[in-house]
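Colleague: Take this structure, written in structure tokens, and hold onto it; I'll ask about it next.
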Amino acid sequence: MRTLADQQARRLRAQLEALAASEPYAKVVKALCEQSGVGTMSAIRLVLELGDIQRFPTTASLPHYLGLTPSEYSSGADINYRGHIMKCGPGTLRAILLQCAWAAVRRGLDQDLGQVFERLAPRIGRKRAIVAVARRLAIKLRRLWLQALSPTPAADSPA
């Protein structure tokens, strides 16, 4: 059973890698893989599960959809309480982003994400800090994705 499961997992992985290299996905997957911590498998899973990135019109809409924004209770007075993350949306994508955030922080290639983690971890703990990093990572990935989809000006056209 384990051998069969291993063979199926290898076959599915190969199919996903082939899909990532195919025409409609290659440009976006390549753009997402430029971000440290994000590999081909993570990028293609994000692309396949999110579909059209244009449906997230604002910067905050993608992290909110993924459930990476904190819940908030605000009364009419000066009370403003921020609670746990909302955990709405697909949990598998949230888990992928958390793994990518850990990889980005551990490798230290993205200085911005590393600084956010180092600033927040002593105060709120490593697990909560990595959720904040994953939220920022989702924002960066959305920007990279939109840049990959935007038409680039032709090199031979006059400026």
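Read-outs: derived from the displayed coordinates by stated rules, not from any lab. These numbers were taken from a predicted model, which means no experiment stands behind them. A quick note on method: Cβ atoms are made from the backbone with ideal geometry, for glycine too, and the neighbour counts reach across all protein chains shown.
Colleague: Grab the alpha carbons of segment 2-149, take their convex hull, and tell me the volume per residue in Å³. Walk me through the numbers before you get to the answer.
Modeller: Working: hull volume 20.2 nm³, N = 148.
Cα convex hull per residue, to the nearest whole number: 137 Å³.
Colleague: Under 27 Å between C-alpha atoms is the cut-off here; go through the chain and count lysine pairs that meet it, provided they're at least eight residues apart or on different chains. Write out the running numbers ahead of the final one.
Modeller: Details: LYS27/LYS140; LYS30/LYS140; LYS87/LYS127; LYS87/LYS140; LYS127/LYS140.
Lysine pair count for the chain: 5.
Colleague: Normalised by the residues of segment 2-149, what does the relative contact order come to in percent, with Cα pairs under 8 Å and at least six apart? Don't jump to the answer; show the numbers that get you there.
Modeller: On the way: 154 pairs, mean separation 37.2, N = 148.
25 percent.
Colleague: Moving on. With axes computed from alpha carbons, what is the tilt in degrees of helix 2-21 against the longest principal axis of the chain, rounded to the nearest 10 within 0 to 90?
Modeller: 80
Colleague: Can you give the net charge of the other residues whose Cβ lies under 12 Å from the Cβ of PHE56, counting K and R as +1 and D and E as -1?
Modeller: Working: positive: ARG55, ARG142, ARG143; negative: ASP52.
Net charge around PHE56: +2.
Colleague: Moving on to the next point. Grab the other residues whose beta carbon is less than 14 angstrom from that of CYS88, score K and R as +1, D and E as -1, and report the net. Write out the running numbers ahead of the final one.
Modeller: Details: positive: LYS87, ARG94, ARG135; negative: GLU72.
Local charge sum for CYS88: +2.
Colleague: Right, next: If I build a Gaussian network model for the chain, linking alpha-carbon pairs within less than 10 angstrom, which residue out of ARG13, ARG142, ARG126 has the largest mean-square fluctuation?
Modeller: Of ARG13, ARG142, ARG126, the Gaussian network model singles out ARG13 as fluctuating most.
Colleague: Sorted from fewest to most neighbouring beta carbons within 10 Å, what does the list ASP6, ASP78, ASP110 look like? Intermediate results must be reported in sequence, preceding the final value.
Modeller: Values: ASP6 10, ASP78 6, ASP110 21.
Least to most surrounded, the residues fall as ASP78, ASP6, ASP110.
Colleague: Something else now. Only sites in a loop by DSSP and with at most 13 other Cβ atoms within 10 Å count here; which trypsin sites (Lys or Arg not before Pro) in segment 28-94 make the cut?
Modeller: Numbers: sites: LYS30, ARG45, ARG55, ARG82, LYS87, ARG94; in loops: LYS87.
Those satisfying the criteria are LYS87.
Colleague: So, one more: Using amide H atoms built 1.01 Å from N in the peptide plane, name the residues 5+ places from ILE85, or on other chains, whose amide H lies under 5 Å from its own.
Modeller: Counting only residues 5 or more places away or on other chains, the set is SER71.
Colleague: Taking all pairs of different Cα atoms in segment 1-72, averaging 1/r and flipping that mean, what Kirkwood radius in angstroms comes out?
Modeller: One decimal place: 14.1 Å for the Kirkwood radius.
Colleague: On to the next question. Would you please name the GluC sites (Glu not before Pro) within segment 1-93 that are DSSP coil residues with at most 16 other C-beta atoms within 10 Å of their C-beta?
Modeller: Within segment 1-93, the qualifying GluC sites (Glu not before Pro) (loop, at most 16 other Cβ atoms within 10 Å) are GLU34.
Colleague: Sticking with this structure for a sec: Quickly work out the GLN54-to-LEU146 label distance, labels modelled 7 Å from Cα along the C-beta direction, and quote it in nm with one decimal.
Modeller: 1.4
Colleague: Next question, about the same structure. How much length is gained if the chain between ALA21 and ARG119 is pulled fully straight, taking 0.36 nm per residue apart and subtracting their Cα-Cα distance, in nm to one decimal?
Modeller: 31.5 nm
Colleague: Counting only helical runs of four or more DSSP H residues, what would the 222 nm mean residue ellipticity of the chain come to if each run contributes -39,500 (n - 2.57) and the total is spread over all its residues? Could the numbers behind the result be given before it?
Modeller: Numbers: 7 runs with 102 residues, N = 159.
Taking each H run of at least 4 residues, the total per residue is -21000 deg cm²/dmol.
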